[in-house]
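First comes the structure, then the notes that go with it.
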Amino acid sequence: MQESTDIYDVVIIGGGPAGLTAGQYASRGKLKTVILDKSATAGALAYSSRIENYPGLTHPLPGKELLDIMRNQATEFGAEYIETQVVGVNLSDTIKKAITMDRAYSGKTMIIATGSMGRKPGIKGEGEYLGRGVSYCAICDAAFYRGLPVCVIGNSEEAVKEAGVLTRFASTVYLISPTAKLHVEDHPALQEPNLKVLSGYTVTSIEGSDLVEKIKMLDTDKKETELSITGVFVYLHGNRPVIDFLYGTIQTGEDGGIPVNNLMETSVPGVFAAGDVTCTEVRQVVVAASNGCLAALSAEKYLYKRKRLKMDWAK
């Protein structure tokens, strides 16, 4: 893993409305800012087909289009946007680090805005075989399945992209969609000759001995099918905070959310959280965006040891 030589003022993990708003305010405030986003097409807002109650909209927009506008605003103010998956953090030192597969991003402050589309293992055998054939990160684990058959469970663009990564290693990649159609049907990965799409199947169990050996699934007629497989990559979504990459380095609540005060400060000085990952009772785009604004202003206050937040008015 390459060690980052740059030290950012603010490292933001998550590219939803909270993370992008934080990036906009931080970079506009002349803070050296990087936004690390697992996927530009993942997240609750990206999956929303119609947004019409966000202040300032003159007509309804698909959620992905609104995200694109927010992302462009942040980058135009100077924020770096990098599509990468954070797999760990180091919050014990003054300089915080977000760790990806190829490098670590160092920052004087960090804002966690990873949302709440995480889930507990829900397929029989999923938890039991985690690390022994079950994975949630194709980029992390694809090389372990060179020349072997694997499957990806999910129907999102993220699932399709991860399946594309796996086609470079696995003999065959089965993309198993619980719905009749994928969310995206024109992605280049779908043209790979060793990628096979199985639509309308629900995986009911993951089975094996020491390692994964097969899955069982039901089709739309409830007919059971078995598929011999060595690796299962799960890209299904739920409504739990996405905090797996923290590995207990920061205080979380019983609901899995990250507790914050009214300035978005967490239990670790210099680390802030914003949006649905805090388990806010009202999960709306406008609330996530306001959280991101507060987190960025609080990061600026922390960096410059101000007594109060600096107001962000038009220059």
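The table for this structure:
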{"item": "For segment 153-295, with +1 on Lys and Arg beta carbons and -1 on Asp and Glu, the positive-most of Pro241, Leu190, Leu166 along the dipole", "result": "Leu190"}
{"item": "Share antiparallel - DSSP beta bridges, the chain, percent rounded to 5", "result": "35 percent"}
{"item": "Segment 134-234, relative contact order [Cα under 8 Å, separation at least 6], %", "result": "30 percent"}
{"item": "Net charge of Cβ neighbours under 9 Å - reference Leu20; Lys, Arg +1; Asp, Glu -1", "result": "0"}
{"item": "Residue among Gln251, Gln73, Gln24 with the largest mean-square fluctuation in a Gaussian network model of the chain, springs linking Cα atoms under 10 Å", "result": "Gln251"}
{"item": "Potential extension, Thr94-Arg146 segment - 0.36 nm per residue separation minus Cα distance", "result": "14.7 nm"}
{"item": "Highest-fluctuation residue, Val150, Val277, Val212 considered, GNM on the chain with Cα pairs under 10 Å", "result": "Val212"}
{"item": "Paramagnetic reach from Arg50 in segment 275-315 [backbone N under 19 Å; point 7 Å along Cα→Cβ]", "result": "284-286"}
{"item": "Choice from Ala296, Ala138, Ala288 showing the highest fluctuation, given a GNM over the chain with Cα pairs closer than 10 Å", "result": "Ala138"}
{"item": "Added length on full extension, which subtracts the Cα-Cα distance from 0.36 nm per residue, Asp186 to Gln73", "result": "38.0 nm"}
{"item": "Å³ per residue enclosed by the Cα convex hull of segment 196-281", "result": "168 Å³"}
{"item": "Whole-Å distance, taken between Cα centres, linking segment 109-178 and segment 239-315", "result": "28 Å"}
{"item": "Percent of C-alpha pairs per 10 Å bin, the chain, short to long", "result": "6, 26, 32, 23, 11, 2, 0"}
{"item": "Rg [Å, one decimal], Dmax [Å, integer] - segment 160-306, C-alpha atoms", "result": "21.0, 64"}
{"item": "Inter-site label distance for Glu207 and Glu224 at 7 Å from Cα along Cβ, in nm", "result": "0.7 nm"}
{"item": "Theoretical gain in end-to-end length, Tyr247 to Asn262 [0.36 nm per residue, Cα-Cα removed]", "result": "3.0 nm"}
{"item": "Distance (nanometres) between label positions extended 7 Å along Cα→Cβ at Leu130 and Asp102", "result": "2.8 nm"}
{"item": "Expected-Rg normalisation [2.2 N^0.38 Å, Cα atoms] applied to segment 134-234", "result": "0.98"}
{"item": "Net charge of Cβ neighbours under 12 Å - reference Leu211; Lys, Arg +1; Asp, Glu -1", "result": "-2"}
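Bear in mind that the values in this text are calculations on the coordinates, not laboratory data. Just so it is clear, the structure is predicted and the values come from calculations on it, not from any experiment. Reconstructed Cβ throughout: ideal geometry from the backbone, glycine too, with neighbour counts over all protein chains shown.
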